[in-house]
Amino acid sequence: MSFSWARPYEPKHPAMRWIDERLPLPRLVYGAIGGGYPVPRNLNYWWNFGVLAGIFLTIQIVTGIVLAMHFTASTDGAFNSVNQMLMRDVNAGWLLRYAHMNGASFFFLVTYIHIFRGLYYGSYKAPRELVWMLGLVIYLLMMATGFMGYVLPWGQMSYWGAQVITGFFSAFPLVGEPIRIWLLGGYAPDQAALTRFFSLHYLLPFVIAAVVILHIWALHIPGSSNPTGVDVKDEKDTLPFHPFYTAKDGWFAGAVLLFYALVTYFAPDYLGHPDNYIPANPLATPAHIVPEWYFWPFYAILRSFTVDFILPAKLWGVLAMFFSILLLFFLSWIDKSPVRSGSYRPVFKRFFWLLVIDVIILGYIGGAPINAWRVAVGQIAAAYYFLHFLVILPLVSAFETPLPLPKSITESVLHGEAAEAAPAGQKRPRRGSVATAG
Amino acid sequence: MRFILGFIGAVFAGILLISLFSNLATYFTNPPAPLAADEFHKEPKALHLSSDGVFGKFDKRQLQRGFQVYSEVCSACHSLSLVAFRDLAKLGYNEAEIKKIASDWKTQVPSINPDTGEASTRKALPSDVFPSPFANEVAARAANNNALPPDLSLITKAREGGAAYVYSLLTGYANQAGYKNEKGEELLKKFPDAKTPPNLHYNPYFANLNLAMPPPLTSDGQVSYGDGTKPTVDQMARDVAAFLVWTGEPTLESRHAAGLAVAIFLLIATILAYFAYQQVWHEAKRVVRPTGALDPKNQAKIRRAKGKAGVAG
């Protein structure tokens, strides 16, 4: 932690001192989420979503470990182990399953908000480039984990989703088909694919947890960013993480968990697809194959390439889809504006909201059945996605005149009421204008 | 680096524009033909069951009637392979009744002869799942013009529209000759090729309009209910749809009850946590503004500022 006023850990209880002298774990926790981590005092609620992502990762790991105890990783047994034994005979098995299904959706939901918060407030800029990149690594791991988890119940969408997504690799000439067969362990999804997906689906969340530790570690070097994007200057600009942000995260997490509980208990299948309640059948292709909602924008980009121009359309689609995420790694070098926060960048701000709308449109197009008009809208939206990041953003950052930044975080919070900013209990000099009032 | 990335972006956008033009060109030069299935397919009719909604609970008498329809009509072709006879206890049947239902079931359970080891069958026990009416898929297709009657355990979860779809399908068979949609267009005049092939049955609630299943509920009184309910076709369809909601989700009631308790708990916890947050931040916020928004001094200031800006209120 680079703030000189971060308080060193002082054990209050002799037992804690005893532990701290032998294993400085209490010191580590105190420095990470206690008084040892000063946080800008002006964070808004968009800054709550990182902690929420951590909460949902924990929920997924805990429910997932118990679910694995009841799962049969075989093509004959997987569907019934989930839909018969777990849902009917295991005590509260339905709760575990629905909590895990919807937990994945909520994990992605809060992560998307977290990513867009980073995009708006320039959290990818120096000195937080590695925080951003580690976050993208987490996101890629989440996508792999989410995809493989959806295959496990071995329903129709599981099977055909696996077929389509591993089929991406066969778009590459020469090496593509061997890679696909190697990944699946066969010519089509079957027992070999199911078993290895189960194994990796159990492994990857722990890899995610490890990268989350690196993500937080890298964050705690420069400290959290803030809505003004102005660097922290002195102690007045910060508050210790505990109790201030634990309290703020606490109540907000309660509110989001309430929303999660309502979906889990009262509309558990709303975010799923009915076809996944039909056992996998390699001989019957569903009318339209769609992945889970959190992949829809990328699925729309994939399907938007419909012309064999030099390369086959499918290869264009696959390249564009992979690149649509990879380009985010270069963001710190694409957007060179020295101003971090979008609040002080009038032109950037407009394009940012256009991007949000664009991604929502891509999401809708990716989830809906195909027709010529939807494909056309998807093609325009996909083109905007690439132009936004690779053409518009560098131009905006070069030509935009940002608004004047506040001198400090404290000033931005005070809105010109600096005279009243005396610490609690301290007497302020009375001024005429105030004395005449009331 | 920015030039290389910008170039890549322009290439992708360019290919997308070429795709867009070719897509639109195809659409206008060779517009897709309208499909009978698009224009004559109907969304499911509304169906309200007591299990709907946040406080939804099963109507056990209706489930028993629905089970009766399943056992007397549907079970001739459709299996229920995820449900066991013992599960019927949740419908209000007692142990003796369940034993009798299982041992009287028209299909027996595959077994082996304990003396010779040869394949044979035995009477079902409460611990058995409902035996399939056909020995295997080939036998099922052979008996049904090569169509496979789906297992019904999860049917209300596996179809868009759920129970309403099942109810609509069962009551939605129509005579194709002279059939008109809501717009008054006559199917066979608009799409003469869409005539239902032999051995299929016209049903606008089915995705491609032609269903292999012959109408299963054909006349009122096909099943005689013990509880005095009038067994109209509509009533039987409703009852069996309700029963199939139960087979798909037998834990629905405990889910609703637990959900309510969890929601109330989280609501109270969140409110308490919010007050704790206010309490914790009170101190920090005072550094910014020594008194609250309700302080007369601040009120006066707000009024003055509003007056200056010409804002009312």
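Every number here is computed from the coordinates shown, using simple stated rules; none is lab data. Small disclaimer: the values here were computed from a predicted structure and weren't measured. When we count neighbours, we look across all protein chains shown, and the Cβ atoms used for this are built from the backbone with ideal geometry, even at glycine.
Can you tell me the FRET efficiency between B:Asn175 and A:Leu283 if r is taken as the Cβ-Cβ distance and R0 is 30 Å, rounded to the nearest 0.05?
0.35
With neighbour counts taken as other beta-carbon atoms within 10 Å, the residues A:Arg350, B:Arg86, A:Arg345 rank, fewest first, as A:Arg350, B:Arg86, A:Arg345. Ranked by how many other Cβ atoms sit within 10 Å of their own Cβ, fewest first, the residues A:Met85, B:Met1 fall in the order B:Met1, A:Met85.
What aspartates and glutamates sit close enough to B:Lys100 to cross-link, taking a C-alpha to C-alpha distance under 17 Å and skipping anything fewer than 8 places away on the same chain? Answer for B:Lys100, where 17 Å is the Cα cut-off: B:Glu72, B:Asp87, B:Asp128, listed by chain and number.
Fewest-first ordering of A:His288, B:His41 by other beta carbons within 10 Å of each residue's beta carbon gives A:His288, B:His41.
Alpha carbon centre of the range B:1-70 versus the range B:74-99: separation in Å? Here the answer is 36 Å between Cα centres.
In the protein assembly as shown, one over the average inverse separation of all distinct C-alpha pairs is 30.5 Å, which is the Kirkwood hydrodynamic radius. Per the helix-only calculation at 222 nm, which mean residue ellipticity applies to chain A, given -39500 (n - 2.57) for every DSSP H run of n ≥ 4 and division by its residues, nearest 500 deg cm²/dmol? Dividing the helical sum by the residues of chain A leaves -18000 deg cm²/dmol.
Based on the Cβ-Cβ distance of B:Asn113 and A:Phe172, what FRET efficiency does E = 1/(1 + (r/R0)^6) give at R0 = 60 Å, to the nearest 0.05? Can you show the working numbers first?
Details: r = 57 Å, r/R0 = 0.95.
Here the calculated transfer efficiency is 0.55.
Anything in chain A that counts as a DSSP H helix reaching 18 Å or more along its axis (C-alpha) with Kyte-Doolittle mean of at least 0.0? List them, would you? Counting only whole DSSP H runs, the qualifying helices are A:49-68, A:93-120, A:129-151, A:191-219, A:246-266, A:313-326, A:346-367, A:372-387.
Seen against the Cα atoms of chain B and their longest principal axis, helix B:2-29 is set at about 50 degrees.
If you count Lys pairs in chain A whose Cα atoms are under 30 Å apart, skipping same-chain pairs closer than 8 places in sequence, the total is 26. Placing unit charges on the Cβ atoms only, positive for Lys and Arg and negative for Asp and Glu, gives the range B:34-120 a dipole magnitude near 400 debye about its Cα centre.
Counting Cβ atoms of other protein chains within 10 Å of each Cβ in A:262-270 and taking the mean gives 4. Where the centroid of each part is defined by its Cα atoms, how far is the range A:344-404 from the range B:118-150 in Å? The range A:344-404 and the range B:118-150 have Cα centres separated by 55 Å.
A Förster radius of 51 Å combined with the Cβ-Cβ distance from B:Ser120 to A:Asp231 puts the calculated FRET efficiency at roughly 0.05. Compared with the dominant Cα axis of chain B, that is its longest principal axis, helix B:162-171 is turned about 40°.
Between the range A:264-307 and the range A:10-25, the alpha-carbon centres lie 52 Å apart. Summarising the label geometry, the points placed 7 Å from Cα in the beta-carbon direction at B:Asp234 and A:Ile325 lie 5.2 nm from one another. Helix B:95-104 and the longest principal axis of the Cα set of chain B meet at an angle near 50°.
Suppose we look only past 17 Å in the calculated P(r) of the range A:292-398. What percent of the Cα-Cα pairs does that tail hold? Percent of Cα pairs beyond 17 Å in the range A:292-398: 56.
Straight-line cross-link reach from B:Lys306 at under 19 Å between alpha-carbon atoms covers these lysines, not counting any fewer than eight positions away in the same chain: B:Lys297.
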